[in-house]
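The values are calculated or read from the model by the stated rules, or taken from the named source; none is laboratory data. All figures in this text were calculated on a predicted structure; none of them were measured in a lab. Positions of Cβ are generated from backbone atoms using ideal geometry, with glycine treated the same way; all protein chains shown enter the neighbour counts. For the accessible areas, the whole protein counts, side chains as well, though only heavy atoms, and no ligand, DNA or RNA atoms are used. Shrake-Rupley method; radii C 1.70, N 1.55, O 1.52, S 1.80 Å.
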Amino acid sequence: MNKVLDPQLMAERIESLKAGLLGCLCLAIAFFITTLVNSLLLTKYFNILSTLSLNTQDLRWLISAGIAAFCGLLFGVTYRYIIRSDKNFQLKSGGVLAFGLVRGLTQLDIGLSCSSSVVPFIIMGIESILWFGLAAFAIDTAFHFGWIKPFQSNESYDN
């Protein structure tokens, strides 16, 4: 049978898409919340964090939101395959830290090359880990309630 049209594979793809869309939504919401907190609170009281403020008149914040949402989509799909139906805390936290650290360390690297202060970029790195933690919590909750089915390893896909 044609593997592309296999109903079991299509069902798995739909579950992966649902996990990806939930991750996308979570990171987009987390992005907007942290952007508001950064712009309305942190930058007003701590001058060193002024680079965290995004100008809503500028379209760069929209690109940043899109990048965060796309990272959430990739995380959601990957997280579903990482944890499968395991209850292993190390797998779950490892997936969150892998995505969070890649995003956070990249921001820190940019901050080291472009700015005299790395403090805002450290905060952005911590935010990234928290974002992916929130997405993992939402996906785990969706697994628990049966809204998304965990990936079941099946050897018949390899044939």
Give me a comma-separated list of calculated 3J(HN,Hα) values for region 7-12, in order, Karplus coefficients 6.51, -1.76, 1.60 applied at θ = phi - 60°, integers in Hz, x for any Gly or Pro.
x, 5, 5, 5, 4, 5
What are the principal axis extents of the Cα atoms in the chain, in Å, biggest first?
61, 33, 30
Taking the chain, the lysine pairs whose C-alpha atoms sit under 28 Å apart (8 or more places apart or on different chains) add up to 7
If you plug each phi of region 144-153 into the Karplus form 6.51 cos²θ - 1.76 cosθ + 1.60 with θ = phi - 60°, what whole-Hz ³J(HN,Hα) values come out, in order, with x for Gly and Pro?
4, 8, x, 6, 10, 8, x, 5, 9, 5
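Could you work out how much longer the chain between His144 and Ser113 gets when fully extended? Use 0.36 nm per residue separation minus the Cα distance between them, nm to one decimal. Intermediate values should be presented prior to the final figure.
Working: separation 31, 0.36 × 31 = 11.16 nm, distance 4.32 nm.
Result for the pair: 6.8 nm of gain on full extension.
For a Förster distance of 35 Å, can you work out the FRET efficiency between the beta-carbons of Phe46 and Ile14, rounded to the nearest 0.05?
Numbers: r = 45 Å, r/R0 = 1.29.
Efficiency, from the Cβ-Cβ distance: 0.20.
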If you roll a 1.4 Å probe over the heavy atoms of the protein chains, what accessible area per residue do you get for the chain, in Å²?
61 Å²
